[in-house]
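The values are calculated or read from the model by the stated rules, or taken from the named source; none is laboratory data. On a predicted model such as this, the values are computed, not experimentally measured, just so you know. Side chains included, ligands, DNA and RNA excluded: accessible areas come from the protein's heavy atoms. Shrake-Rupley method; radii C 1.70, N 1.55, O 1.52, S 1.80 Å.
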Amino acid sequence: NNVYSMENFELFRENNPFTCCTTDIKETLDELNISLLLDVGHLDVSCQTEKQNKFKIIKSLEDKISGYHLSANDTFRDRNDAFNSNAWFIKQNYIELGKEITVEVYDEFKVLRSCINQIDRYVSRKT
């Protein structure tokens, strides 16, 4: 999934070149017979821009999701920030076990390690 930020919205308006609509995503995945690597940071920004409910989108795509890219942001830009146990995708239990998980945080190693530890604790609680 691509990032449909407010800057992109202002640039493209009705000619959205990004696949943000759940129906479009499902049709594309089915047509190509592929699954979705869901970047939660991209989803967070895109949903803020389009005033969509990210929880409903994840639910509607859960059978298509094969993995996750995890990072936090301010919902306006995909910043690949560090996250903790209060991150919406951890707090709301939206990471499905048994699927690939990539921590996509652009920071120093100890911060990245902290995020990985959060995921380890999340997985331990759910198993």
Carbon plus sulfur, as percent of the 1.4 Å-probe accessible area of the chain, comes to 47
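Helices from the chain with mean Kyte-Doolittle at least -1.0 and a Cα length along the axis of 24 Å or more, per DSSP H: which?
On the way: long enough: 109-126 (26 Å, -0.46).
Result, helices passing both filters: 109-126.
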If you take Rg and Dmax of the Cα atoms in Å from the coordinates, which of (i) 14.7, 45; (ii) 17.9, 53; (iii) 13.1, 38 do you get? (i)
Subset of 26/54; 26/99; 51/126 violating a 22 Å alpha-carbon distance limit: 51/126
For residue 90, what accessible area in Å² do you get when you roll a 1.4 Å probe over the heavy atoms of the protein chains, rounding to the nearest 10? 10
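What does the accessible area per residue of the chain come to in Å², with a 1.4 Å probe and no ligands, DNA or RNA counted? Show your work: numbers first, answer last.
Values: 7580 Å² over 127 residues.
For the chain, the per-residue accessible area is 60 Å².
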